[in-house]
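Take a look at the structure below.
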Amino acid sequence: MKKILLTFLIGLFSISFVCAQESADVVMSKALTQAKKEKKKVLLIFHASWCGWCKKMDKNLQKPEIEPYFTKNFITTHLTVMESPNRKNLENAGGDQVLKKYGGSEDQGIPFWVIINANGEMEENSFDEKKENIGCPSAPEEVESFIKKLAKTTKLKKDELEKIKIAFAAKN
């Protein structure tokens, strides 16, 4: 009986350990270390499992015609925040503090993204000129704002930026 109980407790502990997300500090530390090593910037995206626009952002970034441009320039990483009450276990502990550190809030919604240099300093975020979160850019003015931010923070060429613009503006 003791052996069965011990096996059950070990299994239960293992399941809870596997379900636990890394803390925001661990995620950020890994991303910044990799960015320094590879001489890239970090594209940090705050998202949640229920967020359709977050999924669209990831889908756009992974389009074959533009994914190499992001891979060449960024370590793309995610922090899970603002989950529904029954899915709070999916959040990265401390993610909400990192969101606030970079100027985001629940009021502005997600996805919220920031471009961070390898030293952890924010270079750009997903606010447009009116200080509204463009999230996953899709409207022409949102896409244009996104392209300007990429042009300012990367060495992407005009033709590469144009391909990104077309990919994000596509209605799919």
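All of Gly109, Gly94 fail the test of being under 26 Å from Ser49 (Cβ atoms) and modelled with pLDDT under 95, apart from Gly109. The conditions of being over 19 Å from the mean Cα position of the chain (by Cα), open to solvent by 60 Å² or more (accessible area, probe 1.4 Å) and farther than 27 Å from Glu38 by Cα are met by Glu141.
Can you tell me which residues in region 88-129 are charged (D, E, K, R) and either open to solvent by 70 Å² or more (accessible area, probe 1.4 Å) or assigned to a strand (DSSP E or B) (or both)? Answer for region 88-129, where residues must be charged (D, E, K, R) and either open to solvent by 70 Å² or more (accessible area, probe 1.4 Å) or assigned to a strand (DSSP E or B) (or both): Lys88, Asp96, Lys100, Lys101, Glu106, Asp107, Glu121, Glu123, Glu124, Glu129.
The values are calculated or read from the model by the stated rules, or taken from the named source; none is laboratory data. Everything quoted here is computed from the prediction, not taken from an experiment. Positions of Cβ are generated from backbone atoms using ideal geometry, with glycine treated the same way; all protein chains shown enter the neighbour counts. All accessible areas refer to the heavy atoms of the entire protein, side chains included, with ligands and DNA or RNA removed. Shrake-Rupley method; radii C 1.70, N 1.55, O 1.52, S 1.80 Å.
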